Amino acid sequence: MSLTIYGIAASRAFRVLWAARELGLSYEHVGHHFKGPDVRQPGYLAVHPLGLVPAIVDDGFPLFESLAINLYLARKAGRLWPATLQGEGLVYQWTLFAAAEVEVPMGQWFYHTTFLPEAERKPDIAADAAGKLPRRLDALESALGGRAWLADDAFSIADLNLAAVLFRAPLFGLDRWPGVKDWHARCYARPAARAAVADREARA
Ligand SMILES: N[C@@H](CCC(=O)N[C@@H](CS)C(=O)NCC(=O)O)C(=O)O
């Protein structure tokens, strides 16, 4: 039984490292930087054909796409996985919502307000992204509707995947969405999340 997780913690590998900690998995962490050169080597390209991070190799089985990796690891461990079929449907819904609806505007807003050097920021891209996020946060606020978690009644991989994609949301500001704000804080108060954030901040 061996699991290798590729990608520095200060990247989307953070999502997988958080999940692995939540699941109590033992793993080897290979902190390839997404800027290379390790990710350009044929050995790594056989694991992730685009040379991006993260990726895993689980007992010889390579897999990429951070949120898909998390679904796989949770399903395999039989943990963070809802007991009901409807709960499972919600795991797919919120994971695809994270990838298809939230990741791009969240990332563009962060890049063009904070991350890029000022000269490279494009205010029109930031404004467009900032215009898209409220409807998505409204949807999440109403789905939570006073509930603690997204699927069934327990923290699941649905919460982890969406909260991980919303890592920068507090910077955007969540005061208009108190349910989302509390849910986000609940997710990041978990010991596994705190440890993964600490690794990320250490740029491991
Ligand atoms: N959808 C992919 C995105 C992977 C991705 O873009 N990773 C970044 C690091 S966070 C990367 O490797 N960037 C290097 C590049 O674009 O060349 C996932 O979630 O795993």
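Worth pointing out:
- Net charge, Arg136 excluded, C-beta distance under 13 Å - Lys, Arg +1, Asp, Glu -1: -1
- Only the Cβ atoms of Lys and Arg (+1) and of Asp and Glu (-1) were treated as charged; on that basis the dipole of the range 1-133 about its Cα centre amounts to roughly 140 debye.
- Cβ-derived FRET efficiency at R0 22 Å, Arg168 paired with Ala202, nearest 0.05: 0.75
- Two-site FRET efficiency, Ala100 against Asp128, from Cβ-Cβ distance with R₀ of 25 Å, rounded to 0.05: 0.90
- Taking 4 °C and 1.567 mPa s as conditions, the range 163-204 diffuses translationally at an estimated 119 µm²/s according to Stokes-Einstein applied to its Kirkwood radius (Cα pairs).
- Summed residue charge, Cβ within 11 Å of Gly51's Cβ, Lys/Arg positive, Asp/Glu negative: +1
- Taking Cβ atoms as reference points and 13 Å as the exclusive limit, the residues near Phe34 contribute a net charge of +3, counting Lys and Arg as +1 and Asp and Glu as -1.
- With protein chains left intact and a 1.4 Å probe, residues in the chain average 50 Å² of accessible area per residue.
- Over the chain: helical MRE at 222 nm, DSSP H runs n ≥ 4 each giving -39500 (n - 2.57), nearest 500: -15500 deg cm²/dmol
- Cα pair distances in the chain, grouped into 10 Å bins until the bin that holds the longest one, percent each: 9, 34, 37, 18, 3
- Net lengthening on full extension, Ala10/Ala185 (0.36 nm per residue, minus Cα-Cα): 61.0 nm
- Over 17 Å [Cα-Cα, the range 3-79], rounded percent: 34
The values are calculated or read from the model by the stated rules, or taken from the named source; none is laboratory data. What you see is a predicted model, and the numbers here were worked out from it, not measured in a lab. When we count neighbours, we look across all protein chains shown, and the Cβ atoms used for this are built from the backbone with ideal geometry, even at glycine. Ligands, DNA and RNA are stripped out before the accessible areas are found, and what is left, the full protein with its side chains, is counted by its heavy atoms. Shrake-Rupley method; radii C 1.70, N 1.55, O 1.52, S 1.80 Å.
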